[in-house]
Amino acid sequence: MLLRIRGSSASLCAALWLSFVLFTGRARADEAYGAESSGPILSLADTRRLALDRQPSLLAQSAAVDAAKASAIAAAQLPDPKLRGGVTDLTITGHDIGTLTRESDTQFNIGIAQEFPRGDTLRLRGQRASAEAELAERQLLVQRLVLEREVGLAWIEVWRPQRALSLARASEREAGLQLEAAKIAYANGKIAQADVRAATVTLELMRDDIAKLEQDTAHARAGLSRWIGDAAYRPMPEHLPQWQEPAPLNELLQTLRVHPHVSIAAKEVDVAEAGVALAKQAYKPDWSIELGYAIRPNYADYVNLQVGIDLPVFTANRQDRQLLARRAELERAEQLKEDDYREHASEARLNLGDWNLLAGRLARFDETILPEAQARIDAARLAWSSGSGTLTAVLDARRAALDAQLRRLDLESDRAKHALALRYLGATTEGEEP
């Protein structure tokens, strides 16, 4: 509410001069930090979309998923066959040294060999690689969810000081007009010089608060630009979005069992289990088969068929140790899975509790604190106008009202951050969000 001033044209000139000072001050701030650009309102939904579009970190993880899927197919294949060839039984002493034709045992060999990994090794390798590919997919989903949460928090960090600026500038305009009215009243001998100086100090403190909020806004927009570039300087909406009511705690805790971050730990358990199974296969022998053809110049040719089998008989320091290591890795993965769930369950309890508590605090501001603060301003102004009150009381009331508005703004921003956290915690492995 603006204070109407009755008096000479000097008060109008003073008001115009005040507007010019405020405009030039903001112009200098825009020059220092970069002015808010024109364009459509930057909603939270637009910010998420811009952040996810061609985000390098997501593209990198998507490439990792493609690589893991391709590796899973390759891991289940037989080793490549080996082509072998050479000369055997070539004489190096006697009369027939170096001959290829007069010695019947000298031969040219060519053959092909194939190795066959032990037991279910191929199937288990493919199973482990498939689990690693699914793990990469879960990591991609988690990166996407974390990005949405972080960019949402960055958006709120811009919205809060931007909204506070609107409130502070409105109070600054009223304080400026109040100062001009005080000067007129002082010139007419109705108030003391101390009242004018008090009004001047109040106005300058408000201007310093505005400068601080402009600085905070500039810093926050620079942080948001890390995710969405120049779009971070688009105008912000006046109000926060309407948040969907989160699920009850028991339901939220149940959902956490399939949260992407927890499911990453579950997939790491699957990978570790496949590692244990592969370690058990090491107790079985690998085997290979080789078929060869031997050419003997001036003599009959013949073929070779050879079979090779590993002999895993000394297992104490190899197979036993490898199996022990894989079982330890499995135990580690299982404990980390439970630890991840407990961490997220703790976050869910904290954020849901604060969400509900902040609703009551905001209601108290809307129903009692802010109306009473405005009523205090009106009463102080009326008393001052009638001569029964002081200008200091008016200034104190206006300052208290602005502080109350900013405190409510802090609560609203804090609740929005909890809403983003609950949205992240309510996601599932299918990418569903509350």
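No lab work stands behind these numbers, since they all come straight from the coordinates. Keep in mind that this is a model prediction, so the values were computed, not measured. We place every Cβ from the backbone using ideal geometry, glycine too, and count neighbours over all the protein chains shown.
Observations, loosely collected:
- Once the Cβ-Cβ distance of Ser104 and Tyr293 is raised to the sixth power relative to R0 = 22 Å, the FRET efficiency obtained is 0.85.
- Ascending count of other beta-carbon atoms within 10 Å, so fewest first, for Thr47, Thr88: Thr88, Thr47
- Membrane-span-like helices in the chain, defined here as complete DSSP H runs extending at least 15 Å along the helix axis by their C-alpha atoms with mean Kyte-Doolittle hydropathy no lower than -0.5, are 9-33, 56-75, 121-187, 193-228, 260-281, 370-386, 391-425; this is a sequence and geometry rule, not a statement about a membrane.
- Overall, the ratio between the Cα radius of gyration of region 313-377 and 2.2 N^0.38 Å, rounded to two decimals, is 2.58.
- Anchor Lys82: aspartates and glutamates whose Cα lies under 14 Å away (excluding residues fewer than 8 positions away in-chain): Glu115, Glu290
- Once the Cα-Cα distance is subtracted from the 0.36 nm per residue extended length, the Leu78 to Ala64 segment shows a gain of 2.7 nm.
- Candidates per GluC sites (Glu not before Pro) in region 108-170, loop by DSSP, up to 11 other Cβ within 10 Å: none
- Anchor Lys69: lysines whose Cα lies under 17 Å away (excluding residues fewer than 8 positions away in-chain): Lys267
- As a rough footprinting exposure proxy, the listed residues Phe116, Phe314, Phe365 were ranked by other beta carbons within 10 Å of their own, and the order from fewest upward is Phe314, Phe116, Phe365.
- Region 281-300 and region 384-419: distance between their alpha carbon centers, rounded to Å: 91
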